[in-house]
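A.B. asks: Okay, handing you the structure first.
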Number of protein chains: 4
Amino acid sequence: MAGNSFGRLFRVMTWGESHGPALGAVIDGCPPGIALSEADIQKDLERRRPGKKLTTARKEPDRVRILSGVFQGLTTGTPISLLIENTDVRSRDYEALKDVYRPGHADRTYEQKYGVRDWRGGGRSSGRETVARVAAGAVARKFLAQEGIHVRAGTVALGSVRCEPTDWQEAMNNPVYCPNPEAAQAMEEQLKAAKASGDSIGGIVLVVASGCPAGLGEPVFDKLDARLASALMSIGAVKGVEIGTGFQAASMRGSLHNDPPTAHGYASNNAGGVLGGLSTGMDLVVKVAVKPIPSVAVPQKTVTRYGTETTVRIEGRHDVSAIPRIVPVCEAMVLLTLADFMLHPYPYRLHSHA
Amino acid sequence: MAGNSFGRLFRVMTWGESHGPALGAVIDGCPPGIALSEADIQKDLERRRPGKKLTTARKEPDRVRILSGVFQGLTTGTPISLLIENTDVRSRDYEALKDVYRPGHADRTYEQKYGVRDWRGGGRSSGRETVARVAAGAVARKFLAQEGIHVRAGTVALGSVRCEPTDWQEAMNNPVYCPNPEAAQAMEEQLKAAKASGDSIGGIVLVVASGCPAGLGEPVFDKLDARLASALMSIGAVKGVEIGTGFQAASMRGSLHNDPPTAHGYASNNAGGVLGGLSTGMDLVVKVAVKPIPSVAVPQKTVTRYGTETTVRIEGRHDVSAIPRIVPVCEAMVLLTLADFMLHPYPYRLHSHA
Amino acid sequence: MAGNSFGRLFRVMTWGESHGPALGAVIDGCPPGIALSEADIQKDLERRRPGKKLTTARKEPDRVRILSGVFQGLTTGTPISLLIENTDVRSRDYEALKDVYRPGHADRTYEQKYGVRDWRGGGRSSGRETVARVAAGAVARKFLAQEGIHVRAGTVALGSVRCEPTDWQEAMNNPVYCPNPEAAQAMEEQLKAAKASGDSIGGIVLVVASGCPAGLGEPVFDKLDARLASALMSIGAVKGVEIGTGFQAASMRGSLHNDPPTAHGYASNNAGGVLGGLSTGMDLVVKVAVKPIPSVAVPQKTVTRYGTETTVRIEGRHDVSAIPRIVPVCEAMVLLTLADFMLHPYPYRLHSHA
Amino acid sequence: MAGNSFGRLFRVMTWGESHGPALGAVIDGCPPGIALSEADIQKDLERRRPGKKLTTARKEPDRVRILSGVFQGLTTGTPISLLIENTDVRSRDYEALKDVYRPGHADRTYEQKYGVRDWRGGGRSSGRETVARVAAGAVARKFLAQEGIHVRAGTVALGSVRCEPTDWQEAMNNPVYCPNPEAAQAMEEQLKAAKASGDSIGGIVLVVASGCPAGLGEPVFDKLDARLASALMSIGAVKGVEIGTGFQAASMRGSLHNDPPTAHGYASNNAGGVLGGLSTGMDLVVKVAVKPIPSVAVPQKTVTRYGTETTVRIEGRHDVSAIPRIVPVCEAMVLLTLADFMLHPYPYRLHSHA
């Protein structure tokens, strides 16, 4: 109810603030018998890790510990508690801002909701919170791999550069996680330019899931696309979500948009892998709009908690874009969504009798 | 869990198929003491009612009955059961299609999930299901009006016509629910042309909610924007959802995107009324991409349940666009989302002590 | 959240007041492909039906209608809406009581919660509400029968008569649903005597479920016994729930209480079929304490809504005991609990791979 | 869904095994602005702490750490993560038992559910799990104290000794937590005798909550008594729950059982503080039957995982009764239940407008 849980059968609760002692996730409902080690999770954490020169200046090892739910290398079906300590916390950096509402941040809305303010780097509303999502997503990835489902994500727009994915292997290797080598280089230039100007930029992330059986999703309110939209829109910087053709569908004719069914699938995939809120068996294709991060070094108008007008420049260690660090977070949210639906009774029970 | 419930504290469960005896909704958690009559609900049902010449040929009065939860004209806090009988049901129209998968429909995915097929007009996956959403939304509207919250929606794109809203009053009067009189006329032409060609078109719906207090939403997974995205994406024809600047944000600079805080609000509203997943007190601004409806009269390739290739032309009574009937459905989903968050403890308890 | 839903994967929402136009239940999550007719449900409704001379004077046919979720005699996996109209409603009987709090009833607590009062026969808090539970339970029974699970209940105490079950077949035949022929007769005498004295009596219901696979239940808060306790305690007149030895366990030694494991089960069943909150594969054995119904013809002290002291005698058509009509309600609640757990992923997935 | 969460608006997820590195709880939905320190929680943990000579031999300091959700001594409204490390873990003690099913334990049912076995002291099914409940309950206690609600529990039966509470202050001081000084001494004798005989004993715990406003509980399935029953029955050793008169109600007459309403309450409290599933404003009175703990030193018949008959004697450090350590656990479960209902919209909203 309170919003820090995600999923129902593969349920994750996350906790922790950017400048508290630690962050973590507890996974309740992970199937038993899955091989799971801290190294499995660490691998995904590395991909969102701060410390890469292009994006962020905060350096943390982000070491995960598994505190429960695994015995002799296998999950036991009981809750898996994951802990990541905060090691490079300099709350003092934020003291100067404790009475100022940073533009584009949640400083004032949190205070309006709860009546208290944790001014240390955004507290719970910080992007740091996503480290727990990625850790939990890594566990989901292990379960889904067993079921033949794989999820990958990449940057398809950054600032003014846009591209189509041409080489997914490449997305693992370049610093902007772009599945298009030429575009990747142009994107790096965008990041440098933005940094130089003291400003920030946004972009678009593409997430693709392959290997999903047909029939995942729960009509009519928990449709697969509805839950994916929710999962991805719950990431701080996301302002839009598209499935398949997305907003382009608005200007298409039905005869063209419909994907012709074939004996074993569909002749095209405008639907993005979802019909009637249920997976079709084709690739799930989702796009996510990422806003420019609000912390910029250029001076901005704002007010204090007391309503006085002022000007603020956000100093300190900040990314110039949520991309690329948001890429593994998008993957994680899709992984968690699919892990949850894979545990729903249907279509599983239908096929397990066959 | 099973997906036919929406919301948590203002919870709605809907039921019914397009060609069964009736459809309905049960609302659990509506506050007591709200004046509610069948006429209140009927008004919203009229707005999505079939029978208007531009869009659909099925004629039904869609009379709602309140079967519980209201005593002497006031809600009692107990479940409100709403019933709408299906009166113009011609299942025979569909018998010819009972072994054919209609392109762009959920015929095959439902069968893959459940192992059975209700071939009468899509069954539960039919757009007819939304009549129950609109009925429930009308109840939410009464509650929210008491709290000073108002939700309106209109068509801002249809086929190749796009527009900005200029006159919301007008959106109530023209047959395409467009808040821009000139565009409305062009949109009507688009519908006629599509009908003449036997094809269908899509569009974009804009939803605006005003009067929301700041602090609605539940970090971090049940953020206001996350739940709105889910609510709207759960409508059959929707392929994309944007909050505020949406996909446009991807190519903006942070210094421009940030809305400068002022003493009592914000100098702009690029955020679309949400920061950190919590309402800011500014208008909520959401856009929804609607795909062209899949039932078209032009011949389409498909397969039968037995895998044989065939060609199908969808005869019968079909809209040429989900717009405008989807407009009140979008309103309903936003109303239901807000009603739910208004019952969460915070920020309510904070202010009720003040 | 709001409390009119039960279960998670086999979820039921009920609605309706004792003197409104109808009552009903919507079942979301019933497996597809189950043969289901109105007659299947009617059979269980007959068992709790008013009109039997020993207990109640209100006569209603209680005809159920299935409004959705069944096509060509089979469940489709979509919500099953069940409707039972109220046909013998005389609200006038209650007008004299509309400003008086009936002792032992929920008149004042509902008003304290919601600020409004539906004075027509208790409204939502009436025992009539359980008709919807029994209807939904009948659907669960069909699903569970397919899985080899059977639930039966009977009266093992009424007023001052107590007994052990000796003949379950008999429980279906005598008017007090007692699985012990001699005790049954004594119980009938108790009812007559209570009626003559204008007073009411309580009793104990025993529920037994056989055929459950081992491993049902979800540690640690949704243990099978925890959920059964909740399910049964949610019935209006119930004041206590015991699993297996229940309160007797408090005075036993561990060496005696422990059921010795054998190769295929246990040598005894003090546990009542649950260990560590999970089913053992032995019969589930649950006992329920039923209080004497509060509506009695003898004069009682009370107050009005305005705090004035007064005396009240409850006239009209009332049972002298919640037994036997509560017996099928107890069955229904156990059926619904088990149906829900049978759809949870484990142990199902474990065995479906075998 | 998976069963390690409790509550909806004041939601707790617990994790951890008896012999893993740590146990913990995450509280999602605790109101902001509550003063909370580790010492507040430690106080309750001391009451269930092992190391007291009468009951258990395992010595652990059970130090709690607050890892999130508190800033400058006040709760912030974000998740509160509590961690308790296991410091005195000797898994080796259990190696001899790893292929044997201990009678009365959940060894086999867990294996039947999940297909794997954590043989280290019961793993998740160990009574050690309740340390996390008590920690979370201590946070609920702080919130409820602010609202004027207080919960206390005591032992009213142990082995063959039964008593009525005469002095609640005393219950804090004697080693069996008995609110009756004479009975307390007799109970201590029972524990010693049981220990000497190598056997174990059960008992009854009484929980009383005072200061609850009228109207807590959610009809009809989440009634206050239903949720209390579930909360308490979810504790490992509990086999029965009674509200108010409980099983005694079964043999009472209605005219006697009904509590006469008075202007400001009720002239008696047979109901135990609940009518129609809603709190009446009188004390909540709940009794809980505790079975004798299954680990006994006397030899018992059982089987191995391979179905071979064998005899087992449970050596090692074991309590002879779940009492008194279960007493603060019972308190915790009632605290958590009430904290949850206090956050539900009604009756709160009704009174906050007044």
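The values are calculated or read from the model by the stated rules, or taken from the named source; none is laboratory data. Computed from a predicted model, the values in this text were never measured in an experiment. No Cβ is skipped: glycine too gets one built from the backbone with ideal geometry, and neighbour counts run over all protein chains shown. For the accessible areas, the whole protein counts, side chains as well, though only heavy atoms, and no ligand, DNA or RNA atoms are used. Shrake-Rupley method; radii C 1.70, N 1.55, O 1.52, S 1.80 Å.
A.B. asks: Place a +1 charge on the Cβ of each Lys and Arg in segment D:5-352 and a -1 charge on the Cβ of each Asp and Glu, then give the dipole magnitude about the Cα centre in debye, rounded to the nearest 20.
C.D. replies: On the way: 41 positive and 36 negative charges, 152 e Å.
For segment D:5-352, the charge dipole is close to 720 debye.
A.B. asks: Please compute, for peptide D:145-151, the average count of beta-carbon atoms on other protein chains lying within 10 Å of each residue's beta-carbon. Intermediate results must be reported in sequence, preceding the final value.
C.D. replies: Working: counts 0, 0, 0, 0, 0, 0, 0.
Per residue, the number of nearby Cβ atoms from other chains is 0 on average.
A.B. asks: A follow-up question, please. May I ask for the distance between the Cα centers of segment B:259-296 and segment D:132-161, given as a whole number of Å?
C.D. replies: Centre-to-centre (Cα) distance: 45 Å.
A.B. asks: Each residue of segment C:212-222 in order: what ³J(HN,Hα) in whole Hz does its phi give by Karplus 6.51 cos²θ - 1.76 cosθ + 1.60, θ = phi - 60°, with x for Gly and Pro?
C.D. replies: 5, x, 6, x, 6, x, 10, x, 10, 9, 9
A.B. asks: With springs connecting C-alpha atoms under 10 Å apart, model chain B as a Gaussian network and identify which of B:282, B:252, B:342 has the largest mean-square fluctuation.
C.D. replies: Comparing B:282, B:252, B:342 in the GNM, the peak value goes to B:252.
A.B. asks: Given springs between every Cα pair under 10 Å in a Gaussian network model of chain D, which of D:98, D:192, D:301 has the largest fluctuation?
C.D. replies: D:301
A.B. asks: Which cross-chain or sequence-distant (5 or more) residues have an amide H under 5 Å from the amide H of residue C:275, H modelled 1.01 Å from N in plane?
C.D. replies: Sorted by chain and number, the residues that satisfy this are C:280.
A.B. asks: Mind computing the radius of gyration and Dmax over the alpha-carbon atoms of segment C:241-354? Å is fine for both.
C.D. replies: Rg, Dmax (Cα atoms, Å): 21.9, 69.
A.B. asks: To the nearest 20 Debye, how big is the dipole of segment A:132-286 about its Cα centre, given +1 on the beta carbon of each Lys and Arg and -1 on that of each Asp and Glu?
C.D. replies: Numbers: 11 positive and 14 negative charges, 69 e Å.
That gives segment A:132-286 a dipole magnitude of about 340 debye.
A.B. asks: Please give me the summed charge of the neighbours of residue C:99: other residues whose Cβ is under 12 Å from its Cβ, Lys and Arg +1, Asp and Glu -1.
C.D. replies: On the way: positive: C:98, C:102, C:108, C:117, C:305; negative: C:95, C:107, C:111.
Around residue C:99, the surrounding residues sum to +2.
A.B. asks: Peptide C:99-105: average number of partner chain Cβ atoms within 10 Å per residue?
C.D. replies: On the way: counts 0, 1, 5, 2, 10, 12, 4.
Average neighbour count from other chains, rounded to a whole number: 5.
A.B. asks: I'd like the mean, over residues of C:206-218, of how many other protein chain beta carbons sit within 10 Å of each residue's own Cβ.
C.D. replies: 2
A.B. asks: Let me ask something else about it. Can you order the peptides A:210-217, A:65-72 by their average number of other Cβ atoms within 10 Å per residue, highest first?
C.D. replies: On the way: A:210-217: 22.2, A:65-72: 20.8.
Per-residue mean Cβ counts within 10 Å order the peptides as A:210-217, A:65-72.
A.B. asks: Then there's this: What residue of chain C sits with its beta carbon nearest the rotation axis taking C to B, and at what distance in whole Å?
C.D. replies: Output: C:13, 2.
A.B. asks: Whole Å is fine, so just give me how far the alpha carbon centre of segment A:72-127 lies from that of segment D:1-40.
C.D. replies: 18
A.B. asks: Let me see the P(r) profile for chain B: every Cα-Cα distance counted, bins of 10 Å, each bin given as a percent of all pairs.
C.D. replies: Once binned at 10 Å, the Cα pair distances of chain B give 5, 23, 32, 25, 11, 3, 0.
A.B. asks: Measuring nothing but label to label, 7 Å from Cα along Cα→Cβ, what are residue D:196's distances to the other copies in nm, shortest first?
C.D. replies: In nanometres, ordered from closest: 5.5, 9.0, 10.5.
A.B. asks: Can you list the residues, at least 5 places off or on another chain, whose amide H is less than 5 Å from the amide H of residue A:71, using H built in the peptide plane?
C.D. replies: A:76
A.B. asks: A drop of at least 40 square angstrom in accessible area, chain alone versus all protein chains together, probe 1.4 Å. Which residues of segment C:5-30 meet that?
C.D. replies: At a threshold of 40 Å² (probe 1.4 Å), the residues of segment C:5-30 that become less exposed are C:8, C:9, C:11, C:13, C:15, C:17, C:21, C:26, C:28.
A.B. asks: Please work out the Cα center distance from segment B:329-352 to segment B:185-229, rounded to the nearest Å.
C.D. replies: Each part reduced to its Cα centre gives a spacing of 19 Å.
A.B. asks: At a 1.4 Å probe radius, carbon and sulfur cover how many percent of the accessible area of chain A?
C.D. replies: Details: 5420 of 10860 Å².
C and S atoms contribute 50 percent here.
A.B. asks: Set Lys and Arg Cβ to +1 and Asp and Glu Cβ to -1, take the dipole of chain D about its Cα centre, and tell me which of D:200, D:257, D:339 lies farthest positive.
C.D. replies: D:200
A.B. asks: Next up: Just D:287, D:142, D:113 to compare: in a GNM of chain D, with alpha carbon springs under 10 Å, which one fluctuates most?
C.D. replies: Top of the fluctuation ranking is D:113.
A.B. asks: Heavy-atom accessible area per residue, segment D:5-352, 1.4 Å probe: how many Å²?
C.D. replies: Working: 10600 Å² over 348 residues.
Per residue, segment D:5-352 has an accessible area of 30 Å².
A.B. asks: Let me ask another. Return the calculated 222 nm mean residue ellipticity for chain B, to the nearest 500 deg cm²/dmol, obtained by summing -39500 (n - 2.57) across DSSP H runs with n ≥ 4 and dividing by the residue count. The partial results should precede the final answer.
C.D. replies: On the way: 10 runs with 100 residues, N = 354.
After summing the helix terms and dividing by the residues of chain B, the value is -8500 deg cm²/dmol.
A.B. asks: Given axes a ≥ b ≥ c from the Cα gyration tensor, I'd like to know whether segment C:74-143 is rounded (a/c under 1.5), prolate (a/b larger than b/c) or oblate.
C.D. replies: Values: a/c = 3.03, a/b = 2.27, b/c = 1.34.
Prolate, since a/c reaches 1.5 and a/b exceeds b/c.
A.B. asks: Which distances, shortest first and in nm, link residue B:309 to the matching position in the other copies, using label points set 7 Å out along Cα to C-beta?
C.D. replies: Result, one decimal in nm: 7.0, 7.0, 9.2.
A.B. asks: Now, a different point. Enumerate the calculated ³J(HN,Hα) couplings along segment D:291-301 in order (Karplus 6.51 cos²θ - 1.76 cosθ + 1.60, θ = phi - 60°), each rounded to whole Hz, writing x wherever the residue is Gly or Pro.
C.D. replies: Couplings: 6, x, 5, x, 7, 10, 7, 6, x, 10, 7 Hz.
A.B. asks: Could you pull out which residues in segment B:95-111 have an amide N less than 17 Å from a spot 7 Å beyond the Cα of residue A:268, following the Cα-Cβ vector?
C.D. replies: Those under the cut-off are B:102-105.
A.B. asks: Ratio of Rg to Rh for the protein assembly as shown, alpha carbon only, Kirkwood? Provide the component values of the computation, followed by the final result.
C.D. replies: Values: Rg = 30.9 Å, Rh = 32.3 Å.
Taking Rg over the Kirkwood Rh, I get 0.96.
A.B. asks: Straight-line reach from residue B:43: which aspartates and glutamates have a Cα under 19 Å away, not including same-chain ones fewer than 8 places off?
C.D. replies: Filter leaves B:60, B:62, B:85, B:129, B:170, B:331.
A.B. asks: Same structure, new question: Could you give, in nm with one decimal, how far residue B:88 is from each other copy of that position, shortest first, with labels 7 Å out from Cα toward Cβ?
C.D. replies: Nearest to farthest, the other copies are at 4.1, 6.6, 7.8 nm.
A.B. asks: Which whole-number percentage describes the relative contact order of segment C:5-352, with Cα contacts under 8 Å and a sequence gap of 6 or more?
C.D. replies: Working: 731 pairs, mean separation 74.1, N = 348.
Taking the mean separation of contacting Cα pairs over the length of segment C:5-352, I get 21 percent.
A.B. asks: Give the value in nm², to one decimal: projected area of the alpha carbon convex hull of segment D:174-254, averaged over all directions. It would help to have the intermediate numbers written out before the result.
C.D. replies: Values: hull surface 33.1 nm².
That works out to 8.3 nm².
A.B. asks: For the interface of chains A and B, what total accessible area is buried with a 1.4 Å probe, rounded to the nearest 100 Å²?
C.D. replies: Values: alone 17120 and 17120 Å², together 26180 Å².
That pair hides around 8100 Å² of surface in total.
A.B. asks: Residue C:65 versus residue D:193, label points 7 Å from Cα toward the beta carbon: distance in nm?
C.D. replies: Result for the modelled spin labels: 6.7 nm.
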